[in-house]
1. Quick one: Trp151 ticks every box in (1) assigned to a loop (DSSP other than H, G, I, E, B); (2) touching a Ser or Thr at 6+ places or on another chain (Cβ under 8 Å); (3) of a type outside the set (Gly, Ala, Ser); (4) closer than 26 Å to Arg47 by Cβ except a single one, so which number is it?
2. Out of (1) assigned to a strand (DSSP E or B); (2) surrounded by 15 or more Cβ atoms within 10 Å (Cβ to Cβ), what's the single condition that is false for Arg93?
3. Can you pull out the residues in the stretch 103-135 that are in a helix (DSSP H, G or I) and charged (D, E, K, R)?
4. Just to be sure I understand, how many residues within the stretch 61-82 are under 15 Å from the mean Cα position of the chain (by Cα), over 17 Å from Ala161 (Cα atoms) and in a helix (DSSP H, G or I)?
5. Testing Ser100 on (1) in contact (Cβ under 8 Å) with a residue 40 or more places away in the chain; (2) outside any helix (DSSP H, G or I); (3) more than 14 Å from the chain's Cα centre (by Cα), one condition comes back false. Which one is that?
6. Take the residues in the stretch 157-184 that are in contact (Cβ under 8 Å) with a residue 60 or more places away in the chain and under 18 Å from Cys144 (Cβ atoms), then tell me which one is surrounded by the most Cβ atoms within 10 Å (Cβ to Cβ).
7. Within the stretch 12-48, which residues are out of contact with any Gly (no Cβ under 6 Å at 6 or more places or on another chain) and aliphatic (A, V, I, L, M)?
8. Scan the stretch 11-57 for residues that are loosely packed, with under 13 Cβ neighbours inside 10 Å, of a type in the set (S, T, N, Q) and assigned to a helix (DSSP H, G or I) and report the count.
Amino acid sequence: MTIPLVLVHGLWDTPRLFHRLIQGLDQPKRPLLAPHLPHGLGWVPLRQLASRLDQHIQQRFGADMRVDLLGFSMGGVIGRIWLQELGGAQRTRRFLSVGSPQQGTLAAQLLPRPLLAGAADMKMGSRLLRQLNRQPDALAGVDCCSFFCRWDLMVCPGWRAVLPVGRYEEIPVWTHQQLMKHPVALQRLSSSLRA
């Protein structure tokens, strides 16, 4: 049986973001889940969104079915919380983190946590990211790959979009959104998901 694919969108996005990627995958029989995780423009804490993600995965695939996971932008951090703190790593074969501020981003540095808790979770040195980075062994059984754009202004500098474990790959595009829209990026992601 084909391993299901879970797609997690980022801030200011919806599951529609993945339309081109799904078309490029050309795996019509592969079970897919791309839940809508309303983020309140950044005020919902990322752990709360990871909890909602867990509910969606359990409802769709039960508690044990293995999955592949791709998270774009903030969605990659949400996915990482699910993997490391909610038991997701035990059932995940592959994790693709795409343009996700796994080491924080300058773009979030000035955001006030009381007003924008979820966005502030992505600050460089945030409590959340420090806690996740203290337990990288939690991802040891998962095939992890980080994809980033050198000129990304959302995850700035671009190399901060790399997990502390696994492979990483720079995609030669110019903007954050092109990581999910440009034909070169879609081809690389599709190839990795089909492997």
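The values are calculated or read from the model by the stated rules, or taken from the named source; none is laboratory data. The structure displayed is predicted, hence computed values, not measured ones. FYI the Cβ positions are ideal-geometry reconstructions off the backbone, even for glycines, and counts take in every protein chain you see.
1. For Trp151, the failing item is (4).
2. In the conditions (1) assigned to a strand (DSSP E or B); (2) surrounded by 15 or more Cβ atoms within 10 Å (Cβ to Cβ), Arg93 misses (2) alone.
3. Arg127, Arg130
4. Residues flagged as under 15 Å from the mean Cα position of the chain (by Cα), over 17 Å from Ala161 (Cα atoms) and in a helix (DSSP H, G or I) within the stretch 61-82 amount to 1.
5. (3)
6. Per the criteria, the residue is Ala161.
7. Hits for the stretch 12-48 are Leu17, Leu21, Ile22, Leu25, Leu32, Leu33, Ala34, Leu37, Leu41.
8. Final tally of qualifying residues: 2.
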